[in-house]
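This report refers to the structure that appears directly beneath it.
The values are calculated or read from the model by the stated rules, or taken from the named source; none is laboratory data. Bear in mind the structure is a predicted one, so any value in this text is a computation, not a measurement. Reconstructed Cβ throughout: ideal geometry from the backbone, glycine too, with neighbour counts over all protein chains shown. Heavy atoms of the whole protein, side chains included, go into the accessibility calculation; ligands, DNA and RNA do not. Shrake-Rupley method; radii C 1.70, N 1.55, O 1.52, S 1.80 Å.
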Amino acid sequence: MEKFTVHTGTAVPLRRSNVDTDQIIPAVYLKRVTRTGFEDGLFSAWREDPSFVLNNPVYTGASILVAGPEFGTGSSREHAVWALNDYGFRVVISPRYGDIFRGNSLKQGLLTVELPQEAVEALWALVEADPAVQIEVDLEAREVRAGGHSWAFALDDFSRWRLLEGLDDIGLTLRHEDAIAEFETRRPSFGVLVG
Amino acid sequence: MSRTLAQKVWDAHVVRQASGEPDLLYIDLHLLHEVTSPQAFDGLRLAGRAVRRPDLTIATEDHNTPTDNLLTISDPVSRTQIETLRRNCAEFGVKLHPLGDPQQGVVHVMGPQQGLTQPGMTIVCGDSHTSTHGAFGALAFGIGTSEVEHVLATQTLPQSTPKQMAVTVTGELPEGVSAKDLILALITQEGTGGGRGYVVEYRGPAIEKLSMEGRMTVSNMSIEWGAKAGLIAPDETTFAWLEGRTFAPKGQAWDDAVAYWRTLATDPDAVFDKEVFLDASSLTPFVTWGTNPGQGASLDSSVPDPESFGSESERAAARRALEYMDLQPGQALRDVNVDVVFVGSCTNGRLEDLRTAAEVLRGRHVADGVRMLVVPGSAAVREQAEQEGLHEVFTAAGAEWRFAGCSMCLGMNPDTLSPGQRSASTSNRNFEGRQGKGGRTHLVSPAVAAATAVTGHLSAPADLAPAAA
Ligand code: SF4
């Protein structure tokens, strides 16, 4: 995973709430067995509408998505995160996320920032007034800065550290392999064995 | 210290605890299917890792499988995904129930039916409706593909401690009102984000009276209001359902297990971070009118006016939903005509659900112009239903009797809505395009689905004329 410290880029205002993962990437794209190349599936149903915000050329090259509350609810498909990453997003900003999506994003180096609705509204207004406005997302300081404003965001220390260091979870867990093996010797004996 | 059911299960699975870090939880059962696993197996291969506990891992084919036959997967991309799962399971020594196997089926139906799901377990799957298994008093939740790989490699998952919520359902469900109506009403009351950050325990007299099938329907939809997991304390109903199933403990081990399971119930003075109440006796058949499961209303009411909602974001969402759904504020929900009725999915594709739908259809016929699909949740459910003759009731009524799979719940296989088509569906998501691009979904109970198939518009069984003898 790529390290994340500070990211500066332009943003796309997605004025919608309850953007579920079926909208982020519809099920037909989930038939693939690869882990990359999902950018074509991102919001594919909405992108057919020429007036959809992602089709507006002024937002070309944006790397920050600013969305309404309950972003990424629904299906656990990590493809939603892959599609956002593959399309070029590094950050999503929304007042609230679906839990599984949030977990997936932080594992894939896509920073999902939680800001209050007022901050999201302010960012929408800023970006719509000037699509070229640079937004600075500072993970070290846990702060978003744009247009002379700044907003602090919360992220637990552990997730932040993993993102800053670009650490892979499996590697971290395998450092505790002894503890896992020890636990296995004291699991209740009536547990299911499939094989 | 007093603890909740979820806390007891959690505590029994902590491999490692360190301050400032998530707990490392041991996973008792890992369920796999073809859609969210290929990239995880690839990751293992790349890193040269094995599956740590193939004996705690089991796979099935469900999302992509055809339901009109058991042999031919016509879409080459779907076929590749199924074949990839078969290759991966063979290579890594994971047991698989492939298409045609008597235990094949939707992952959340095939696990419980074999007795794989037991109280007190931790269960994960790369699928958000893993919450279903919480009906047995297991801590069960959906995970992403990176986590699937993590569990395959380590049989553990780092998890931050969730908050605890109790949902107490008092009173008794009126005649004709089901577990599905209960959970749809709850989600409308609490909103799609209401459960976020919480593990929810459903309890109270109305929950205790539910069958295991009904409990699974309720737990299944926990994720639709954002909860991490939904649990129900194991009781006599749970034990009676489990006893004798293939993977349930036998003999002395069964007695020991039951004795342990009885200790799992939430302590009387345990404290929840949040409590929610619902009165079951006030409920009626419930349907959704919008494009998320929190946009629902009593079947007796009408499509709400978007302007009646409290916040601008809810108003905007409702306006957008009505436009997508092609509905007018004030329109009676009973006047909404449907093209397709789908009975199936991990929410309502179990034997009890099929019995309910068949009971309504017996001696009746699906309305002209309406297509009804009945898709059993698993091959075993299909087999049992046929032993009871339910398939004959469905086909005599003009419904299609299909093979097991996810089918039109998410429309990855050829069972999809066409653009503009409207369905009454016993599944769990009414998202835009969920059942096919441009398709419009109303979530309903099995009884409402069957009654709707008969009239061609959203209906409850009580609306129907007496059936032909
Ligand atoms: S039936 Fe639907 S909700 Fe259940 S696992 Fe299949 S696709 Fe997911």
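In a solvent-free Debye calculation with one equal scatterer on each Cα, what is log10 I(q)/I(0) for chain A at q = 0.13 Å⁻¹, listed in the order of the q values?
Values returned for q = 0.13 Å⁻¹ are -0.72.
Give the calculated FRET efficiency between B:Ser211 and B:Ala332 to the nearest 0.05, with a Förster radius of 30 Å applied to their Cβ-Cβ distance.
Numbers: r = 32 Å, r/R0 = 1.06.
Efficiency, rounded to the nearest 0.05: 0.40.
Would you calculate the separation in nanometres between label points at A:Glu128 and A:Thr34, each defined as 7 Å from the Cα along the Cα-to-beta-carbon direction?
Result: 3.8 nm between the two label points.
Mind checking how much accessible area B and A bury in total, 1.4 Å probe, in Å² rounded to 100? Spell out each step's value before the answer.
Values: alone 17660 and 10310 Å², together 22710 Å².
Counting both chains, the buried surface is close to 5300 Å².
Would you kindly derive the ³J(HN,Hα) couplings of segment A:87-93 from the backbone phi angles with the Karplus curve 6.51 cos²θ - 1.76 cosθ + 1.60 (θ = phi - 60°), listing them in order in whole Hz, with x for Gly and Pro?
6, x, 7, 10, 9, 10, 10
Return the single residue from A:Glu136, A:Glu184, A:Glu118 with maximal mean-square fluctuation; model: Gaussian network over chain A, springs between Cα atoms under 10 Å.
A:Glu184
Counting only C-alpha contacts under 8 Å and six or more residues apart, can you give the relative contact order of segment A:73-126 as a whole percent? Intermediate results must be reported in sequence, preceding the final value.
Details: 57 pairs, mean separation 20.9, N = 54.
Averaging sequence separation for qualifying contacts and normalising by length gives 39 percent for segment A:73-126.
Return an integer: the convex hull volume of the alpha-carbon atoms of the protein assembly as shown, in Å³ per residue.
Values: hull volume 97.1 nm³, N = 664.
About 146 Å³ per residue, rounded to a whole number.
Roughly what % antiparallel, to the nearest 5, for the DSSP beta bridges in chain B? The partial results should precede the final answer.
Values: 12 of 53 bridges.
In chain B, approximately 25 percent of DSSP beta bridges are antiparallel ones.
Express the carbon and sulfur contribution to the solvent-accessible surface of segment B:104-206 as a percent, rounded to the nearest whole number, probe 1.4 angstrom. Numbers along the way, then the final one.
Numbers: 810 of 1720 Å².
Its accessible area is 47 percent carbon and sulfur atoms.
Which of rounded, prolate, oblate describes segment B:139-289, given a ≥ b ≥ c as roots of the alpha-carbon gyration tensor eigenvalues and a/c under 1.5 marking rounded, otherwise prolate only if a/b is larger than b/c? Write down the numbers at each step before the final one.
Working: a/c = 1.68, a/b = 1.18, b/c = 1.43.
Since a/c reaches 1.5 but b/c is at least a/b, the shape of segment B:139-289 is classed as oblate.
What fraction of the DSSP beta bridges in the protein assembly as shown is antiparallel, stated in percent and rounded to the nearest 5? Walk me through the numbers before you get to the answer.
On the way: 23 of 76 bridges.
Bridges in the protein assembly as shown are about 30 percent antiparallel.
Where the only charges are on Cβ atoms (+1 Lys, Arg; -1 Asp, Glu), what is the dipole of segment A:106-188 about its Cα centre, to the nearest 20 debye? If you can, show how the numbers build up before the last one.
Details: 8 positive and 18 negative charges, 46 e Å.
Charge dipole, segment A:106-188, about its Cα centre: 220 debye, nearest 20.
Is there a simple number for the mean count of other chain Cβ atoms within 10 Å of the Cβ of residues in B:405-415, and what is it? Spell out each step's value before the answer.
Details: counts 0, 1, 0, 0, 1, 6, 4, 6, 2, 0, 0.
Partner Cβ neighbours, averaged per residue: 2.
Working only with C-alpha atoms, what are the Rg and Dmax values of segment B:353-469, expressed in angstrom?
Cα-based Rg and Dmax for segment B:353-469 come out at 13.6, 40 Å.
In whole percent, and with a 1.4 Å probe on the protein chains, what portion of the accessible area of chain A is carbon and sulfur?
On the way: 3740 of 7580 Å².
Carbon and sulfur atoms account for 49 percent of the accessible area of chain A.
If you average the sequence gap of Cα pairs under 8 Å that are 6 or more apart and divide by the length of segment A:1-107, what percent do you get for the contact order?
This gives 35 percent for segment A:1-107.
With the Cα gyration tensor of segment A:15-116 giving a ≥ b ≥ c as the square roots of its eigenvalues, does the rule (a/c under 1.5 for rounded; else a/b larger than b/c for prolate; else oblate) give rounded, prolate or oblate? Working shown, then result.
Details: a/c = 1.34, a/b = 1.01, b/c = 1.32.
It comes out rounded by the Cα gyration axes.
With a 1.4 Å probe and all protein chains in place, put B:Phe394, B:Phe92 in order of accessible area, largest first.
Highest to lowest solvent-accessible surface, that is B:Phe92, B:Phe394.
Would you work out which of B:Val303, B:Val338, B:Gly290 lies farthest towards the positive end of the dipole of segment B:216-346? Charges go on Cβ: Lys and Arg +1, Asp and Glu -1.
B:Val338
In debye to the nearest 20, how big a dipole does segment B:325-455 give about its Cα centre with +1 on each Lys and Arg Cβ and -1 on each Asp and Glu Cβ? It would help to have the intermediate numbers written out before the result.
Values: 13 positive and 14 negative charges, 56 e Å.
Here segment B:325-455 has a charge dipole of around 280 debye.
Would you rank B:Ser219, A:Ser17 by solvent-accessible area, highest first, keeping every protein chain in place and using a 1.4 Å probe? If you can, show how the numbers build up before the last one.
Details: B:Ser219 0, A:Ser17 30 Å².
Greatest to least solvent exposure: A:Ser17, B:Ser219.
Project the alpha carbons of chain B onto their principal axes and report the range along each, largest first, in whole Å.
The principal-axis extents, from largest down, are 58, 53, 46 Å.
Scan chain A and report its longest stretch carrying no trypsin sites (Lys or Arg not before Pro) that are both in a DSSP loop and have at most 16 other Cβ atoms within 10 Å.
Numbers: sites that count: A:Lys3, A:Arg15, A:Arg142, A:Arg175, A:Arg186.
The reported range is A:16-141.
Where both partners of a DSSP beta bridge lie in chain A, what percent of those bridges are antiparallel, to the nearest 5? Before the final figure, lay out the partial values.
Working: 11 of 23 bridges.
Looking only at bridges with both residues in chain A, the antiparallel portion is about 50 percent.
For the charge dipole of segment A:1-120, defined by +1 on Lys and Arg C-beta atoms and -1 on Asp and Glu C-beta atoms about the Cα centroid, which residue among A:Thr112, A:Tyr59, A:Trp46 has the Cα displaced farthest towards the positive pole?
Positive-end residue among those listed: A:Thr112.
For labels at B:Ala47 and A:Glu2 in the simple 7 Å Cα→Cβ model, what's the distance in nm?
About 2.1 nm, to one decimal.
Determine the dipole magnitude for chain B: charges of +1 sit on the beta-carbon of Lys and Arg, -1 on that of Asp and Glu, nothing else is charged, the reference point is the Cα centre, and the result goes in debye to the nearest 20. Display every interim value, and only then the final one.
Working: 38 positive and 56 negative charges, 159 e Å.
It comes to approximately 760 debye.
At a Förster radius of 22 Å, what calculated FRET efficiency corresponds to the Cβ-Cβ distance of B:Val271 and A:Asp157, to the nearest 0.05? Spell out each step's value before the answer.
Working: r = 26 Å, r/R0 = 1.18.
Rounded to the nearest 0.05, the efficiency is 0.25.
Hey, with R₀ at 56 Å, roughly what FRET efficiency would B:Ala316 and A:Arg187 work out to, going by the Cβ-Cβ distance, to 0.05?
Values: r = 50 Å, r/R0 = 0.89.
Step by step, r from the Cβ atoms, then E = 0.70.
Which one of B:Gly369, B:Val393, B:Gly100 has its Cα pushed farthest toward the positive end of the charge dipole of chain B, where Lys and Arg give +1 and Asp and Glu give -1 at the Cβ?
B:Gly100
7 Å from Cα along Cα→Cβ at both A:His149 and A:Glu48: what's the point-to-point distance in nm?
The two pseudo-label positions are separated by 3.6 nm.
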